[in-house]
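Trainee: My structure is below; once you've seen it, I'll send some questions.
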There are 2 protein chains.
Amino acid sequence: MRIALDAMGGDYAPATTVEGAVEALRENSDLSVILVGDEEEISSELSKKNCRGLQISVKHASQTVEMAEAPLTALRRKKDSSLRVAIDLIKADNADAMVSAGNSGVVMATALHVLGKIQGIERPAIAAVMPTLKDRFILIDAGANVDCKPVHLYQFAIMGEAYARNIFNIENPRIGLLGIGEEDAKGNELTKEAIKLLRNSKINFIGNVEGQDIFAGEADVVVCDGFVGNIALKISEGLAETIAKMLKREISERAGGRIGYLFFRGALKNFKRKTDYSEYGGAPLLGISKPCIISHGRSTSKAIKNAIKLAANFHSKGVLDVISKEFNQGMSRREEVAVKE
Amino acid sequence: MRIALDAMGGDYAPATTVEGAVEALRENSDLSVILVGDEEEISSELSKKNCRGLQISVKHASQTVEMAEAPLTALRRKKDSSLRVAIDLIKADNADAMVSAGNSGVVMATALHVLGKIQGIERPAIAAVMPTLKDRFILIDAGANVDCKPVHLYQFAIMGEAYARNIFNIENPRIGLLGIGEEDAKGNELTKEAIKLLRNSKINFIGNVEGQDIFAGEADVVVCDGFVGNIALKISEGLAETIAKMLKREISERAGGRIGYLFFRGALKNFKRKTDYSEYGGAPLLGISKPCIISHGRSTSKAIKNAIKLAANFHSKGVLDVISKEFNQGMSRREEVAVKE
């Protein structure tokens, strides 16, 4: 399986991307990775590693997309960016899947432009994984679409359900709508309309869900627009990191803190692992015709490694084919929704 | 100072409300509390307490607002609800401030209808307090207005700033807009317009802020619409509770867990105190002409006690007069905004 990696994407690239690719390949001999970006910089990073026996190659790209760059500007002016070239590799069937920790708006716009959408899908969405007390849930959309219509949320639910069923092996995923009260009548204009569509669908829709519910593990898939989803994601990350720091400080400030810290290092480590985004590595762009995985801008090499593994798993399980079938077999369902709009 | 307490509001009322009132009065002899609601139920709870020397009284109200009730329905049909009667007490100058842990949408609608807004303010907003690594920040709007216009967010910023300056004694509060990227160009339609207004204002506006930033304590006031704010608030609460449970489990599952738990009880308790909403008690409805404090639906007696204390502090510091002056002296600033809309 061939993964194209945007080696220049992310705050600590290319050091972390090269390191992550090497780690992924060491753990999985079936993989090959194409590092896309500035050849000189990438080669310099690669020269520090032992790559013997690894299926790793470099594809030069002369440009880099900046984190602050507007999607349409990047699309127009950066036709030789590491991101664009990585996506072009899938288009030309020289790669099976793509990973980027770069500007997620630009990843989305470029993937949409070059690879296109699965038939029937209006807006592709980012499906991120978040931890719960029991296990985890899928948050969709985690940041691709900032201003949504009710039918978009409906489609996110259908795609999220297929992802949960096929990648996480959940038989009948419980789908919730992220809201501000359990009752259907509570919400904003968008969610109050979306909930009507979801109530009429055949998925296992459990209604509005709130912060308490989702971390208690009451839903497998949590649906929202990308603005709300991105805020939810980043608040969770920020708070989890802050709590870990607070506890560390609390412990070290106490009498016997040093002994106590040693005592609890394991528990803290395990806790950190459960709440650490880098464990999940990345989030697929559901609805794009080929597997594209977006990774966190602050991705560490571990996050990149896990994103590469997710890309491979996503491709080998054929999740996009499942979604495509879902939308084409489920025509009547979608038409029913379109009529109601 | 006379506080009217909606004794029937909240999931565990009237037991928690009566208990909270008694605790607040024991700690502050300058206060008097009027418990509003079903006289029989309240008296039954009061009979379990030692109220000697406390300035506590009961005002009967025959109805109770349900948590799922729509604001307009409640406003029309529940004219003798505990909430309505409590608010009427302020209107008639028989109380200085009001506290309710009931349906926040109904509290807002009733306060708006009975007490009205401060001149110049379009939408009153809920200002909640949330903990950070260093201290705390004020989240406005935490749930009053689900569909906002840019000028509403601008006004929330002005009110939040006055609240931060006067209640938390912050000299030049840093105001951030809750967003999905640091750049001004990142956001949804609402925030991209709002940021232009905020950039043109005289407040200490620091731009878009994200989850990482806010819990690191980079802003004193975080502005957003009420849908996003309520989700942010509940996700933070849900996650903090979940993390505390995860850690407890991690610790107890380990060898020596029991000893470890005893060792860390203090640290965990302190951590819980810092992340526990009940410490802050409640959130004022900024923009209403009289002090109204909304408390969490799941309020414990401690949360009610702290909400009563906040109501007293809010009233004695004359925060609403400050906001009113801000909006009337700052006329030119507001007009400038209105023209730009």
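The values are calculated or read from the model by the stated rules, or taken from the named source; none is laboratory data. Here the structure is a predicted model, which is why all the values come from computation and not from measurement. Note: ideal-geometry Cβ built from the backbone for every residue, glycine included; neighbour counts use all protein chains shown.
Trainee: For residue B:23, only one of the following conditions fails: (1) touching a Lys or Arg at 6+ places or on another chain (Cβ under 8 Å); (2) exposed (fewer than 14 other Cβ atoms within 10 Å of the Cβ). What is its number?
Mentor: It fails just one condition, (2).
Trainee: Can you tell me how many residues in segment A:97-149 are under 14 Å from residue A:280 (Cβ atoms) and assigned to a strand (DSSP E or B)?
Mentor: Within segment A:97-149, the subset under 14 Å from residue A:280 (Cβ atoms) is A:99, A:101, A:126-132, A:135-140, A:142.
Remaining after also requiring assigned to a strand (DSSP E or B): A:99, A:126-131, A:136-140.
Matching residues across segment A:97-149 total 12.
Trainee: Being in the same structural domain as residue A:295 (by TED's automatic domain parsing) and either surrounded by fewer than 24 Cβ atoms within 10 Å (Cβ to Cβ) or at pLDDT below 95 (or both) is true for just one of A:207, A:211, A:217, A:116. Which residue is that?
Mentor: Values: A:207 fails: in the same structural domain as residue A:295 (by TED's automatic domain parsing); A:211 fails: in the same structural domain as residue A:295 (by TED's automatic domain parsing); A:217 fails: in the same structural domain as residue A:295 (by TED's automatic domain parsing).
Of A:207, A:211, A:217, A:116, the one residue that is in the same structural domain as residue A:295 (by TED's automatic domain parsing) and either surrounded by fewer than 24 Cβ atoms within 10 Å (Cβ to Cβ) or at pLDDT below 95 (or both) is A:116.
Trainee: Condition first: within 14 Å of chain B (Cβ to nearest Cβ) and more than 27 Å from residue B:297 (Cβ to Cβ). Now tell me which residues in segment A:151-190 satisfy that.
Mentor: The initial filter retains those residues of segment A:151-190 that are within 14 Å of chain B (Cβ to nearest Cβ), namely A:152-153, A:176-190.
A:152 - this is the single residue of segment A:151-190 that is within 14 Å of chain B (Cβ to nearest Cβ) and more than 27 Å from residue B:297 (Cβ to Cβ).
Trainee: (1) buried (at least 20 other Cβ atoms within 10 Å of the Cβ); (2) assigned to a loop (DSSP other than H, G, I, E, B); (3) of a type in the set (Ser, Thr, Tyr): which one isn't true of residue B:163, the others all being true?
Mentor: (2)
Trainee: Could you check segment B:221-238 and list, in sequence order, the residues that are facing another protein chain (nearest Cβ under 7 Å) and in contact with a helix residue (DSSP H, G or I) (Cβ under 7 Å, 6 or more places away or on another chain)? Walk me through how you get there before you give the answer.
Mentor: Initial filter on segment B:221-238 (facing another protein chain (nearest Cβ under 7 Å)): B:227-228, B:230-232, B:234-238.
Of everything in segment B:221-238, those that are facing another protein chain (nearest Cβ under 7 Å) and in contact with a helix residue (DSSP H, G or I) (Cβ under 7 Å, 6 or more places away or on another chain) turn out to be B:228, B:231, B:232, B:234, B:235, B:236, B:237, B:238.
Trainee: Let me ask you something else. Hey, could you check segment A:191-220 for residues that are part of a helix (DSSP H, G or I) and away from every other protein chain (no Cβ under 14 Å) and say which is nearest to residue A:159 (Cα to Cα)? Break it down stepwise before answering.
Mentor: Narrowing segment A:191-220 to residues part of a helix (DSSP H, G or I): A:191-199, A:211-215.
Those left that are additionally away from every other protein chain (no Cβ under 14 Å): A:196-199.
Values: A:196: 18, A:197: 15, A:198: 13, A:199: 16 Å.
Once the filter is applied, the top-ranked residue is A:198.
Trainee: Consider residue A:197 carefully, then state whether it is more than 21 Å from the chain's Cα centre (by Cα) and at pLDDT 95 or above.
Mentor: Working: more than 21 Å from the chain's Cα centre (by Cα): yes; at pLDDT 95 or above: yes.
Yes, satisfied.
Trainee: Please determine, by comparing only the residues of segment A:171-185 that are crowded, with 18+ Cβ neighbours inside 10 Å and assigned to a loop (DSSP other than H, G, I, E, B), which one is farthest from the chain's Cα centre (by Cα). Let's see the steps before the verdict.
Mentor: If we filter segment A:171-185 for residues that are crowded, with 18+ Cβ neighbours inside 10 Å, which is where we start, we get A:173-181.
From what's left, assigned to a loop (DSSP other than H, G, I, E, B): A:173, A:179-181.
Values: A:173: 18, A:179: 21, A:180: 24, A:181: 26 Å.
This residue is A:181.
Trainee: Of all the strands (runs of 3 or more DSSP E) wholly in segment A:1-90, which have at least 2 residues that are free of Cβ contacts under 8 Å to residues at least 60 places away in the same chain?
Mentor: On the way: elements: A:2-6, A:32-37, A:56-60.
Qualifying strands (runs of 3 or more DSSP E): A:32-37, A:56-60.
Trainee: Of the residues A:104, A:100, A:82, which is under 21 Å from the mean Cα position of the chain (by Cα), closer than 30 Å to residue A:218 by Cα, assigned by TED's automatic domain parsing to the domain that holds residue A:293 and of a type in the set (Gly, Ala, Ser)?
Mentor: Working: A:100 fails: closer than 30 Å to residue A:218 by Cα; A:82 fails: closer than 30 Å to residue A:218 by Cα.
Result: A:104 is the single residue among A:104, A:100, A:82 that is under 21 Å from the mean Cα position of the chain (by Cα), closer than 30 Å to residue A:218 by Cα, assigned by TED's automatic domain parsing to the domain that holds residue A:293 and of a type in the set (Gly, Ala, Ser).
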